[in-house]
Amino acid sequence: MSGDLLPGADGRPRCGWCTSTPEYEAYHDEEWGRPVRDADGLFERLSLEAFQSGLSWLTILRKRPAFRAAFADFAIDEVAAFGPADVERLLGDAGIVRNRAKIEAVIANARAATEVEDLPGLLWSFAPDRAARPVPRSYADVPAVTPESTAMAKELKRRGFRFIGPTTAYALMQACGLVDDHLEGCVARGGAGR
């Protein structure tokens, strides 16, 4: 195996980034890169990617149950109804990342999402043609930004979404299966539902 492809707990090859903790391996095997097509699921991933900005993804994964409890399981309509008292409640919740700008962005994004007739359709419209993308063989082959993620970020900002730039948009695309950036030879490459 290459240095970018490492054995997981079961000895099978995986993207090396996921082999350091059981939480990473479970996320990698069961979620990352698998298609998410429901609005609340996409909203959750968008929100978590925004919270991750500047932090370790492992921090976000470990706080995910608390995020779900704090943000009404990321039900768009419920989060869109949050007001100033909810912001203060969230700022006092030690189980989540207590960053006012990110908390307010998630609420603003829920409100913006309620104005989108088909959020899954909008986000998936930016998925590149899988057949035209080469399978990444190493981390060097995986971009941080693409023309599609730049276009997605621009369109979401136009619609009032916040805390979403081209890099966050690409991370969302990876997390929700719009792209498959599992490395060649990874046990999870081309996982269920693709």
task = Specify which of the listed residues (Glu148, Glu184, Glu115) is surrounded by fewer than 14 Cβ atoms within 10 Å (Cβ to Cβ) and acidic (Asp, Glu).
result = Glu115
remark   = Conditions (1) part of a loop (DSSP other than H, G, I, E, B); (2) in contact with a helix residue (DSSP H, G or I) (Cβ under 9 Å, 6 or more places away or on another chain); (3) free of Cβ contacts under 8 Å to residues at least 60 places away in the same chain -> Asp180 fails only (3)
message = Can you pull out every residue in region 1-24 that is assigned to a helix (DSSP H, G or I) and open to solvent by 30 Å² or more (accessible area, probe 1.4 Å)?
response = Trp17, Pro22, Glu23, Tyr24
request  = Look through Leu55, Leu42 and report the one residue that is hydrophobic (A, V, I, L, M, F, W, C) and either open to solvent by less than 30 Å² (accessible area, probe 1.4 Å) or touching a Pro at 6+ places or on another chain (Cβ under 6 Å) (or both).
outcome  = Leu42
task = Please go through region 151-171 and pick out each residue that is open to solvent by 60 Å² or more (accessible area, probe 1.4 Å) and free of Cβ contacts under 8 Å to residues at least 24 places away in the same chain.
result = Lys154, Lys157, Arg158, Thr167
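The values are calculated or read from the model by the stated rules, or taken from the named source; none is laboratory data. Keep in mind that this is a model prediction, so the values were computed, not measured. Virtual Cβ from ideal backbone geometry, glycine too; neighbours counted across all protein chains shown. Keep in mind that these areas ignore ligands, DNA and RNA; they rest on the heavy atoms of the full protein, side chains included. Shrake-Rupley method; radii C 1.70, N 1.55, O 1.52, S 1.80 Å.
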